[in-house]
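For reference, the structure is listed below as structure tokens.
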Amino acid sequence: MAERGRLIGLPLLNKDKAFKWFTAFLSFILLLLSIGILFELIISSRLSFDAFGLKFILSREWDPVQRLFGALPFIWGTFVSATLALFIAFPISIGIAIFLSELAPRWMRQPVSFIIELLAAIPSVIYGLWGLFVLAPVMQIHVEPVLGKYLGFLPFFKGYPLGVGMLTGGIIIAIMIIPTISSISKEVLSAVPQHQKEAALALGMTRWEAIWRVMLPYGRSGIVSAVILGYGRALGETMAVTMVIGNTPNISLSLLDPAYTIASVIANEFTEATYELYISSLIELGLILFVITFILNAFARFLLWRMKRFEEVKV
């Protein structure tokens, strides 16, 4: 090999070092891309930041005719819809993951897992169409009137049943993130060592106790990662939620009222923005969403680090 290298006139390379630098280069491409996107968002939103400052984040006004822009209703809509979706999706996803990893017959596991993973690949506009023509009428006729009748004394269920609104938006996002959380959680629970399960059963635990006291704590960090990944997708979901959330810049405790998210207002109004301040304000909304996602991921990494550190100390 050395003779061959001298013959072709090239220095001999340490393959391990070459591979290391190549993979480092690939990693830096993604890092540079993220920095470039952040830099461009900051530069393009400077006009809006100079005009409104921090008031942009705190203001509830969004009136392109009067040239008044505030992000608070969209930040509210984004957080509430994503959190509501996670609140609905989490128990369902964990239940699916436990069933497929431990309780389902072997012949059923692969087909059901395949269908769930297939749901994650369906374009969001398909979910949006289904939500608009199927889910929204069902919510308007059958679900929201019942919620208003029996739970209307709570501020969360006051208002006229419109079909489209925060509740419908949260449900459609929940349906979209269930495949992501359940698939990752299933893989995490399947990776729990067999001897851990057998030891729990040998100590006299029931199947349920072994799952609750051994498997779920063992895979806790992986499940948290799945939840954070699902929540990140919920925050940035655009098309499906745009079609069912009502698209009204409104801050209300009622889940029946229409709302608006950051991703939805960017998608709806960017083509209609006819002057620079309008465009800059929409880009600043994108910057806010970028920062929220970054903080969320940083918090998730910190949480995982604390959990691993706690487990090491405990051992």
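The values are calculated or read from the model by the stated rules, or taken from the named source; none is laboratory data. All values derive from a computational prediction rather than experimental measurement. Because the Cβ atoms are built from the backbone with ideal geometry, glycine has one as well, and the counts that use them run over all protein chains shown. The protein model used for the area step is the full one, side chains on, heavy atoms only, and it has no ligands, DNA or RNA in it. Shrake-Rupley method; radii C 1.70, N 1.55, O 1.52, S 1.80 Å.
Structural remarks
- Residue within region 35-55 that is open to solvent by 100 Å² or more (accessible area, probe 1.4 Å), closer than 16 Å to F290 by Cα and touching a residue at least 60 places away in the same chain (Cβ under 8 Å) present: yes
- Residues satisfying the stated conditions in region 232-259, i.e. β-branched (V, I, T), surrounded by fewer than 24 Cβ atoms within 10 Å (Cβ to Cβ) and at pLDDT 90 or above: T242, T248, I251
- Residue within region 56-66 that is within 23 Å of V227 (Cβ to Cβ), of a type outside the set (V, I, T) and open to solvent by 80 Å² or more (accessible area, probe 1.4 Å) present: no
- Residue check, L162 modelled with pLDDT under 95, open to solvent by 40 Å² or more (accessible area, probe 1.4 Å) and in contact with a Pro (Cβ under 9 Å, 6 or more places away or on another chain): yes
Let's see how each residue does on (1) crowded, with 18+ Cβ neighbours inside 10 Å; (2) of a type outside the set (G, A, S):
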site	(1), (2)
T261	yes, yes
N268	no, yes
T274	no, yes
L282	yes, yes
L287	yes, yes
A298	no, no
R301	no, yes
W305	no, yes
K308	no, yes
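- I126 meets the conditions (1) within 22 Å of A267 (Cβ to Cβ); (2) at pLDDT 95 or above in every case but one. The failed one is (2).
- Enumeration of residues in region 78-112 that are in contact with a helix residue (DSSP H, G or I) (Cβ under 6 Å, 6 or more places away or on another chain) and among the hydroxyl-bearing types (S, T, Y): T78, S81, S93, S101
- Pairs where the first residue, in region 219-234, is without any contact (Cβ under 8 Å) to a residue 40 or more places away in the chain and the second is charged (D, E, K, R) and assigned to a helix (DSSP H, G or I), C-beta under 8 Å, 6+ apart: G222/E187
- Only a single item in (1) open to solvent by less than 60 Å² (accessible area, probe 1.4 Å); (2) under 25 Å from A259 (Cα atoms); (3) of a type in the set (S, T, Y) is not met by Y150, and it is number (1).
- Selection over region 204-218 of residues that are under 19 Å from A104 (Cα atoms) and surrounded by 17 or more Cβ atoms within 10 Å (Cβ to Cβ) gives a count of 5.
- Test: residue in region 229-237 that is closer than 13 Å to E102 by Cβ, out of contact with any strand residue (DSSP E or B) (no Cβ under 8 Å at 6 or more places or on another chain) and of a type in the set (G, A, S): no
- Residue check, F133 farther than 30 Å from I223 by Cα, in a loop (DSSP other than H, G, I, E, B) and open to solvent by 50 Å² or more (accessible area, probe 1.4 Å): no
- Residues of region 264-311 classified as in a loop (DSSP other than H, G, I, E, B) and either under 18 Å from the mean Cα position of the chain (by Cα) or hydroxyl-bearing (S, T, Y) (or both), total: 2
- Taking the numbered list (1) over 27 Å from R301 (Cβ atoms); (2) part of a helix (DSSP H, G or I); (3) aliphatic (A, V, I, L, M) in turn, L189 passes all entries but (1).
- Region 212-263: number of residues that are in a helix (DSSP H, G or I) and either of a type in the set (F, W, Y) or within 13 Å of G165 (Cα to Cα) (or both): 8
- Considered as a group, the residues in region 1-29 that are exposed (fewer than 10 other Cβ atoms within 10 Å of the Cβ) and at pLDDT below 55 include one that is nearest to the chain's Cα centre (by Cα), and that residue is L10.
- Of all residues making up region 140-156, the number that are closer than 19 Å to G246 by Cβ and in contact with a Phe, Trp or Tyr (Cβ under 6 Å, 6 or more places away or on another chain): 2
- Any chance G163 is touching a residue at least 24 places away in the same chain (Cβ under 8 Å) and in a helix (DSSP H, G or I): no
- Under the condition of being among the β-branched types (V, I, T), open to solvent by 10 Å² or more (accessible area, probe 1.4 Å) and over 18 Å from S225 (Cα atoms), the residues counted in region 70-117 number 5.
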